[in-house]
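See structure below.
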Amino acid sequence: MSNSLYRPGEFKDNCGFGLMAHMQGEASHDLLQKAIEALACMTHRGGIAADGKTGDGCGLLMQKPDAFYVRRRTKNYQLS
């Protein structure tokens, strides 16, 4: 008898994931390009469905560039 809500038979593991990060936390277009290339290699993980057009299961998670958005907001809407 288990004292946990976790039931191993109810969950499936992913087949893998990629993690890319700049060790100093700096924005890097090169790193983004490499992440997109890695994502393109994950079509078997749900990135492309059987119809060849849709799919789910793959994606990129990245830090939002807050300073960029604040500058754009300030410039476009004259907000401070």
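Of all residues in region 60-80, those that are farther than 23 Å from GLN24 by Cα have Cβ atoms under 9 Å from Cβ atoms of residues that are small (Gly, Ala, Ser), 6 or more apart or on another chain, in THR74/SER80. Just for region 29-76: of the residues that are modelled with pLDDT of 85 or more and among the hydroxyl-bearing types (Ser, Thr, Tyr), which one is farthest from PHE17 (Cα to Cα)? Restricting to residues being modelled with pLDDT of 85 or more and among the hydroxyl-bearing types (Ser, Thr, Tyr), the top hit is THR74. Of the residues making up region 19-35, those that are exposed (fewer than 10 other Cβ atoms within 10 Å of the Cβ) and hydrophobic (A, V, I, L, M, F, W, C) are LEU19, MET23.
Looking for whichever is at pLDDT below 80 and not charged (D, E, K, R) here; the options are GLY25, GLY18. Which one fits? Spell out how you get there, then give the answer.
On the way: GLY25 fails: at pLDDT below 80.
Just a single option satisfies the conditions, and that option is GLY18.
Close Cβ contacts (under 8 Å, 6 or more residues apart or on different chains) running from residues in region 7-25 that are of a type in the set (A, V, I, L, M) to residues that are at pLDDT 80 or above comprise MET20/LEU31; MET20/LYS34; MET20/ALA35; MET20/ALA38; ALA21/LEU31.
The values are calculated or read from the model by the stated rules, or taken from the named source; none is laboratory data. This is a predicted model, so every value here is computed, not measured. Virtual Cβ from ideal backbone geometry, glycine too; neighbours counted across all protein chains shown.
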